[in-house]
1. Being touching a residue at least 60 places away in the same chain (Cβ under 8 Å) and loosely packed, with under 14 Cβ neighbours inside 10 Å is the filter here; which residues of the stretch 214-231 pass it?
2. Only one of Leu370, Leu326 is over 17 Å from Pro269 (Cβ atoms), part of a helix (DSSP H, G or I) and either not hydrophobic (A, V, I, L, M, F, W, C) or not assigned by the TED database to the domain that holds Phe148 (or both). Can you tell me which?
3. Identify, please: which residue in the stretch 102-137 is farther than 22 Å from Val161 by Cβ, open to solvent by less than 30 Å² (accessible area, probe 1.4 Å) and not in a loop (DSSP other than H, G, I, E, B) and is, among those, modelled with the highest pLDDT?
4. Looking only at the stretch 148-184, how many residues end up being free of Cβ contacts under 8 Å to residues at least 60 places away in the same chain, basic (Lys, Arg) and on the phi < 0 side of the Ramachandran plot?
5. Scanning for something part of a helix (DSSP H, G or I), within 25 Å of the chain's Cα centre (by Cα) and either hydrophobic (A, V, I, L, M, F, W, C) or within 26 Å of Asp299 (Cβ to Cβ) (or both), does the stretch 184-202 turn up at least one residue?
6. Only one residue in Ser312, Ser345 is closer than 17 Å to Gly21 by Cβ, in a helix (DSSP H, G or I) and small (Gly, Ala, Ser), so which one is that?
7. What is the one condition in (1) at pLDDT 90 or above; (2) outside any helix (DSSP H, G or I) that Ala3 does not satisfy?
8. Conditions first: (1) within 28 Å of Ile31 (Cβ to Cβ); (2) modelled with pLDDT of 90 or more; (3) of a type in the set (A, V, I, L, M). Ile209 passes all but one, so which condition is the exception?
Amino acid sequence: MRARRNTDSVSPILEQILHGGSSVSMNLISITRDIPEDKRLFKTQGLNSCILFKYPNFDDRDEAADPIAEDEDLESAERPVETGIYVPHNAKAPEAGGVAIYLRGRNSAALIEEQFGTTVTATPADSATVSDMKLLSMIDEVPSLDAFLLKTCFEAEKVTVDPRHFLISNEEDHQLRRLIRQRIEPIVRKALAGSQSGAQNIDRFLDAIWNPNLEEAGLFVSAFGIERAEADSIFSAWKGTTFYEYQLRRIAPRARTILTWLKSRECIPIDIRMHKPYETQLLMHIEKVGKLLEATLLDIRTILSDYETAFSAFMNGQPEPFRDYLRGIRTRYWLLGYCVSALTSVAHLDGRAMKNNPGRKLYFEAMQKLLRQFDVALDRRREQKGAF
């Protein structure tokens, strides 16, 4: 594929991969630059010169149906956020084009082997070493590429990764763990209130949040009539949901500001008179993006409202709503992960476009570009492309 010289000609999807923010892309080229080869995430060095990215792939029926289905209907192949590997032709100029490989795509293992060599799919001779394909599979089990979620995912699987890969400080990591514990503790205490042995070992039950292999994790979900084998996925989704709830507090005000701006005359380009033939088309695009943003915020409010309703009922002695919520939490987790990541990406893109522009006034071409970027970030069914 011919390399593009003008960054303005970069496709909106590639722009999303390059500039959509850390929730949707993990630029291993820059992250691993100062990490010795033997400490990098992947043993296959070619993978460390790529950009991992997340993209939504919701079923068409999701638009008309209830977006929150039962977990029984969520097969692994239907997780609505997928993982891709962007391999730039030139690692020093990733915007110049490259190829993309999708982990759940047909013949993905063969494509990865062809691109990077047999070492990716080979089983390590050292039983303590995790294969690169296993690492990719683990990353694909998380709805976004947020450092905190990836770090806890690797820890749960007892996989050691150099902390320089995670763009999160120890202070922020500890704060997030404390917030998640505080959010979950009242439920654990209430669930174990009738059990003397459980009340005495409350700390072990809370430790099970981070180590679902502990017996207490299984005992906790069993108290809700849920199979113990489901403890791992439920606790992972519960932690993730709480993390996204925390992340939303920081990003929601910015998202509402952007939505208010899109609904006002302030977003009309400065030079709209020079582009009169395209004004109607632009206004329709603004309206479309505004509706996508509103729909994303509405889904988030629905999920968190359902959680609060189930939580309140449980604390008032009615465990059934919370039991049902836990049974469907994995589906909600994936949808919430997509929604919060989309808002984070929109805010990140908006910040780039409005840098040194407090008046939020754009020219026509800049507004068109920003709308295209927003559209891709909020798109729930993104087209797969093998080359950019």
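1. Gly225
2. Leu326
3. Ranking the qualifying residues of the stretch 102-137, first place goes to Tyr102.
4. 4
5. yes
6. The conditions single out Ser345.
7. Answer for Ala3: the failing condition is (1).
8. Ile209 satisfies all of (1) within 28 Å of Ile31 (Cβ to Cβ); (2) modelled with pLDDT of 90 or more; (3) of a type in the set (A, V, I, L, M) except (2).
The values are calculated or read from the model by the stated rules, or taken from the named source; none is laboratory data. This is a predicted model, so every value here is computed, not measured. Backbone-built Cβ (ideal geometry, glycine too); neighbour counts: all protein chains shown. What goes into the accessible areas is simple: the full protein's heavy atoms, side chains included, and nothing from ligands, DNA or RNA. Shrake-Rupley method; radii C 1.70, N 1.55, O 1.52, S 1.80 Å.
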